[in-house]
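As structure tokens, the structure follows; a few thoughts come after it.
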Amino acid sequence: MLYSLRKYNFLIRQLVNRDFKKKYKRSVLGILWSFLNPLLLMMIQYFVFSNIFRNSIPYFAAYLTIGTVAFNFFSEASGMVLTSIIENSRLITKVYLPKYIYPFIKILSSIINLSISLIPLSLVCMASGVSFHKTTLLSLYFWVCLIIFSFGVGLVLSTFMVFFRDTQFLWGIFNRMWMYMTPIFYPENILADKYKFVLLMNPLFHFLKNIRLCIIEGVFPQPMEYVYCLSFAFGSLAVGLFIFLKNQDKFILYL
Amino acid sequence: MSRIVIDVKNVTMRFHINADKMLSLKEFITRKIKGQIQYFDFVALKNISFSVQRGEIFGLIGHNGAGKSTLLKTIAKILKPTTGEIKTHGKIVPMLELGSGFDGDLTGRENIFLNGAILGYDEKFLIKQYEKIVEFSGLGDFINVPIRNYSSGMLSRLSFSVASMVKPEILIIDEILSVGDADFRVKSRSRMNELMSGGTTVLLVSHDVKTIRETCNRVLWLEHGKIKMIGEAQEVCDAYEAQPAVLQSDIKGE
């Protein structure tokens, strides 16, 4: 697989390139939107959640922004990978290329978007007085876990999408539910203790908690957290790849 | 180097699909429970064996649904045959159906690179060949226009220009030369001759017996997924055209 990634390097670059060109083709501000979009959304959310709903979270702007950037990445990545196969049906039915290339391109595009939105994220952190810690760099580990996790989820979804076009709509609702179940704009202790297990089972909660710990508080996460996050990530990737590769020969019959 | 570049052995392609191809999840579950999902078996290719030699122009004829495209797709590795095996030697370039590797929002130039990459060419090669491709396509300044504004003739010219720019060992053409104006047809014909003298094997599918007769050395006639006849182009085309009148009108009705 690694060998073919090198072989298809040029193609992958071309296709990622196409995604970007198409996205901003007819807009005046172009690529600037990748940066402006999250920034403006963050400002709205910040205004809503810090004025209308009061809360006592320290460094709330940074807390909220990390939450939204991470969750937006998750929903964008999984959503883009979800449609990757059906979107490219014309190509798949005409040319032979390894099929995992299509989801792979989408995850690359969303990683680029994520990196761009890290710029407004750091601006917000600086503005709200979060200082740079050694652990800030460590948060990269958890971002990567989040990316791998999202890719795995997306692979499962993209396979389902080929056979059932309902997947998209179901996922939209499920995704929203997941968003509210994840402490993005509320503190994690808002939940009664007996519901705590829901949080602990939520991979996104773990990624998010540790990223915040690293960036805002500058504290090293507990050793077990590294293991949890890594197993969530690779568990998801393994399931995703398994389902995807097992069904890929059937895709063409349903496109 | 072996003379045989495409070797198809006992290939059968069976589709096992549910009758209404696209079910919603709800329908799927309720019908699965009731045991109502109807699968139908459709055999598109039945035990096909043949081989194509290097440098041959090999034609495929047959009516709609005879399995021509399915056969091409199995050779191009897009479809996996249910049983049997296909061996090919060398790089296969499928001539994409009108712009299927193209993106309407991108310019001709961007599409040359995109399509080239899809067909498996590398970057250096494309940069080197770029001028030649543009020149051959005869698109001139249109190359910097998004291709959604192209006519279908312009699209097929661009498509042929990209696909034929290298010397692929095997070139697969599914109904393409019928498009484009007379000038371009002459040009593409001579380009094909050039390719073939360089040892490229061409697989050509067409409904148009005339094209096949003029271009191909050998022809395979498929009917209902089976080989009806295989042999010299003239011979097979004669037999094909000598079918009963009912079928004839069927062909012309295309």
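Keeping every protein chain present and rolling a 1.4 Å probe, give me the accessible area per residue for the protein assembly as shown in Å².
Dividing the accessible area of the protein assembly as shown by its residue count gives 49 Å².
Taking each residue in A:3-13, count the Cβ atoms of any other chain within 10 Å of its Cβ, then average. What number comes out?
Going residue by residue through A:3-13 and averaging, the value is 3.
Find which of A:Met126, A:Cys145, A:Leu241 sits farthest along the positive direction of the dipole of region A:2-253, computed with +1 on the beta-carbon of Lys and Arg, -1 on that of Asp and Glu, about the Cα centre.
The listed residue farthest towards the positive side: A:Leu241.
Provide the per-residue ³J(HN,Hα) series for region A:159-166, in order, calculated from phi with Karplus coefficients 6.51, -1.76, 1.60 and θ = phi - 60°, each as a whole number of Hz, with x at glycine and proline positions.
The phi angles translate into 5, 4, 4, 5, 8, 10, 6, 5 Hz.
Over chain A, what percent of the accessible surface lies on carbon and sulfur atoms, probe 1.4 Å? Working shown, then result.
On the way: 8820 of 12700 Å².
Result for chain A: 69 percent of the exposed heavy-atom area is carbon or sulfur.
Lys and Arg at +1, Asp and Glu at -1: add these up for the other residues within a Cβ distance under 13 Å of B:Ile86 and post the number. Can you show the working numbers first?
Values: positive: B:Lys9, B:Lys73, B:Lys77, B:Lys80, B:Lys87; negative: B:Asp7, B:Glu85.
Here the count lands on +3.
Please label the shape of region B:184-247 as rounded, prolate or oblate, based on the square roots a ≥ b ≥ c of the eigenvalues of the alpha-carbon gyration tensor (a/c under 1.5 means rounded; beyond that, a/b larger than b/c means prolate, else oblate).
prolate
Step through the residues of region B:132-139 one at a time and calculate ³J(HN,Hα) from phi using the Karplus curve (6.51 cos²θ - 1.76 cosθ + 1.60, θ = phi - 60°), rounding each to whole Hz and writing x for Gly and Pro.
5, 4, 4, 4, 5, 5, x, 8
In whole Å and largest first, what semi-axes does the C-alpha gyration tensor of the protein assembly as shown yield when each eigenvalue is scaled by 5 and square-rooted?
52, 27, 19
Using a 1.4 Å probe on protein heavy atoms only, how many Å² of accessible area do A and B hide from each other, summed over both chains and rounded to 100? Write down the numbers at each step before the final one.
Values: alone 14210 and 13460 Å², together 24720 Å².
That pair hides around 3000 Å² of surface in total.
Could you please report the charge total around A:Asn9, scoring K, R as +1 and D, E as -1 over all other residues with beta-carbon less than 13 angstrom from its beta-carbon?
Here the charged neighbours net out to +2.
How many partner chain Cβ atoms sit within 10 Å of a residue's Cβ in peptide A:85-94, on average, as a whole number?
Working: counts 0, 0, 0, 0, 1, 7, 6, 2, 6, 11.
Mean shielding by partner chains, rounded to a whole number: 3.
Where is the GNM fluctuation largest for chain A (alpha-carbon springs, 10 angstrom cutoff): A:Ile243, A:Ile215, A:Ile44?
Comparing A:Ile243, A:Ile215, A:Ile44 in a Gaussian network model of chain A, the most mobile one is A:Ile44.
Using the per-residue mean of other Cβ atoms lying within 10 Å as a proxy for protection, in what order, highest first, do the peptides B:135-146, B:116-127, A:142-153 fall?
Result, highest mean first: A:142-153, B:116-127, B:135-146.
Once the other residues with Cβ under 13 Å from the Cβ of B:Lys77 are scored (Lys, Arg +1; Asp, Glu -1), what is the net sum?
With Lys, Arg at +1 and Asp, Glu at -1, the neighbours total +4.
Under a crude label model (7 Å from the Cα following the beta-carbon direction), how far is B:Asp41 from B:His207 in nanometres?
3.1 nm
Tell me the Kirkwood radius of region A:2-253: reciprocal of the mean inverse pair distance over distinct alpha-carbon atoms, in Å.
Radius from the Kirkwood sum: 19.4 Å.
Quick one: 3J(HN,Hα) in Hz for region A:69-81, Karplus 6.51/-1.76/1.60 with θ = phi - 60°, rounded, Gly and Pro as x.
4, 5, 5, 4, 4, 4, 6, 5, 4, 5, x, 6, 5
Counting only helical runs of four or more DSSP H residues, what would the 222 nm mean residue ellipticity of chain A come to if each run contributes -39,500 (n - 2.57) and the total is spread over all its residues?
On the way: 12 runs with 189 residues, N = 255.
For chain A, the value works out to -24500 deg cm²/dmol.
R0 = 30 Å: FRET efficiency of B:Ser190 with B:Ser151, Cβ-based, nearest 0.05?
For R0 = 30 Å, the calculated efficiency reads 0.85.
Could you check the spin-label model distance between B:Met229 and A:Met201? Points 7 Å from the Cα along Cα→Cβ, value in nm.
With each label point 7 Å from Cα toward Cβ, the separation is 6.8 nm.
The values are calculated or read from the model by the stated rules, or taken from the named source; none is laboratory data. Since this is a predicted model, take the numbers as computed values, not measurements. Glycine gets a Cβ as well: all are built from the backbone with ideal geometry, and neighbour counts include every protein chain shown. These accessible areas exclude ligands, DNA and RNA; they are computed on the full protein's heavy atoms, side chains included. Shrake-Rupley method; radii C 1.70, N 1.55, O 1.52, S 1.80 Å.
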